[in-house]
Amino acid sequence: MRFYFQQALRGLILFLFTMFIIKLHRTGDLLKLINPKYTVISMIGAAILFLFFLVQLQRVFMVKKKSHVHGHDCSHDHDHGDSPITSRKMVSYAIISLPIVMWLLIPLSTLDSSIAEKKAIMLNLTNNAMSSEPKENDQSENKMDGKGNGLFDGNTEDDVTYHDLPADPNLYSNTVTKDQFEQIEQELELQSSILMSERVYAVYYDRINQEMDKFVGKEITVTGFVYKEADFTSDQLVLGRFLITHCVADASIIGFLTEMEDAASIAEDTWIEVKGTIFLEEYNGSRLPAIRVSSWKEINEPAQPYLYPLTVKLV
């Protein structure tokens, strides 16, 4: 019986990855990395890694076998775990272990205004407003998510393909039927005071951008983090949110240009809740729906600061 260090190291890596995913679930930090609809998939992944770990344990202590015949004359290139650790192996182990090291040494944080700056938030908001304007002679029904991606389009070839796909067994609570989606939009138009709650934020945001004139003068309540551009006036800021479709790698910025007297005194990344009225603002030659604030208050960062687009179930 012999102890194989490399096999033990591989087992340790598998075990730590399993514990990493389990801890993300227990603490809720998993939702800082992925869309909630993928939580079941991540749990399945953790279970598979744990099975691999159990299999690997059997290889840590093994009887040393005598030389064996491979049935071919050329030297083989696969590793049985008993060969010396080379620099190439060390680099491989280091790369694989990097997520674990980062988990142990660096606390998990949420995206903030520094990321918003890199993603050119005002360019995104301007593009959202421009792309959401209705086109002439465009009669197709097109529901959009917060990134401008189509959720469903009327009678298109893509819909046929979608219908042919098997149902996603891991759909989360942000899945609605087409009728429910249309009801959410209708409720928005009937509201005299709009509350931008997390569940419907992306839907409301797109509808307000698509039909700006219809919502001018309406009262609105919004929460978000503060971001400022260098060319803003002293009373301007952006009240932004990160929208995650799949994971943080595809996070996009949505939010509203906001005018308020106290803007200059509010630091970036401060979370605030504002109440005000919608008006149209010109920014770099484009019209944007903006908020003129009547009251505001500072709040704590939400336990779940990200937004997720509604998934529309077509059938």
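The values are calculated or read from the model by the stated rules, or taken from the named source; none is laboratory data. Keep in mind that what you see is a predicted model, and the values were worked out from it rather than measured. Virtual Cβ from ideal backbone geometry, glycine too; neighbours counted across all protein chains shown. Side chains are part of the model used for accessible areas, which takes the heavy atoms of the whole protein and leaves out ligands, DNA and RNA. Shrake-Rupley method; radii C 1.70, N 1.55, O 1.52, S 1.80 Å.
Lys297 meets all of the listed conditions (1) assigned to a strand (DSSP E or B); (2) under 24 Å from Ile115 (Cβ atoms); (3) open to solvent by 80 Å² or more (accessible area, probe 1.4 Å) but one, namely (2). Of all residues in segment 26-53, which are open to solvent by 60 Å² or more (accessible area, probe 1.4 Å) and without any contact (Cβ under 8 Å) to a residue 60 or more places away in the chain? Within segment 26-53, Arg26, Thr27, Met43, Ile44, Ile48, Phe50, Leu51, Phe52 qualify.
Among the conditions (1) at pLDDT 95 or above; (2) over 30 Å from Leu31 (Cβ atoms), Lys297 misses just one, which is (2).
Going through segment 160-196 one residue at a time, which ones are within 22 Å of Ile244 (Cβ to Cβ), assigned to a helix (DSSP H, G or I) and at pLDDT below 50? Result: Tyr162, single match. Annotation for segment 33-45: no member residue is more than 26 Å from Leu108 (Cα to Cα) and not aromatic (Phe, Trp, Tyr).
Among the residues of segment 211-223, those that are surrounded by 15 or more Cβ atoms within 10 Å (Cβ to Cβ) and in contact with a strand residue (DSSP E or B) (Cβ under 8 Å, 6 or more places away or on another chain) comprise Met212, Phe215, Lys218, Glu219, Ile220, Thr221, Val222, Thr223. On inspection, Glu268 does not qualify as charged (D, E, K, R) and either farther than 22 Å from Thr126 by Cα or at pLDDT below 90 (or both). Scanning segment 178-210 for residues that are touching a Leu at 6+ places or on another chain (Cβ under 7 Å) and buried (at least 16 other Cβ atoms within 10 Å of the Cβ), we see that the one that is nearest to Val274 (Cα to Cα) is Ile194. Remark: pairs (first residue in segment 199-210, closer than 12 Å to Leu307 by Cα; second residue β-branched (Val, Ile, Thr); Cβ separation under 8 Å; 6+ apart in sequence or on different chains) = Val200/Ile184; Tyr201/Ile254; Ala202/Ile254; Val203/Ile184; Tyr205/Ile254. Screening Val226 on (1) part of a helix (DSSP H, G or I); (2) surrounded by 15 or more Cβ atoms within 10 Å (Cβ to Cβ); (3) touching a residue at least 60 places away in the same chain (Cβ under 8 Å) shows it passes everything except condition (1).
Once segment 47-104 is narrowed to residues that are at pLDDT 85 or above and of a type in the set (D, E, K, R), the residue that is nearest to Leu12 (Cα to Cα) is Arg59. Restricting segment 230-286 to residues that are touching a residue at least 40 places away in the same chain (Cβ under 8 Å), open to solvent by 30 Å² or more (accessible area, probe 1.4 Å) and assigned to a loop (DSSP other than H, G, I, E, B), the residue that is farthest from Gln210 (Cα to Cα) is Ala267.
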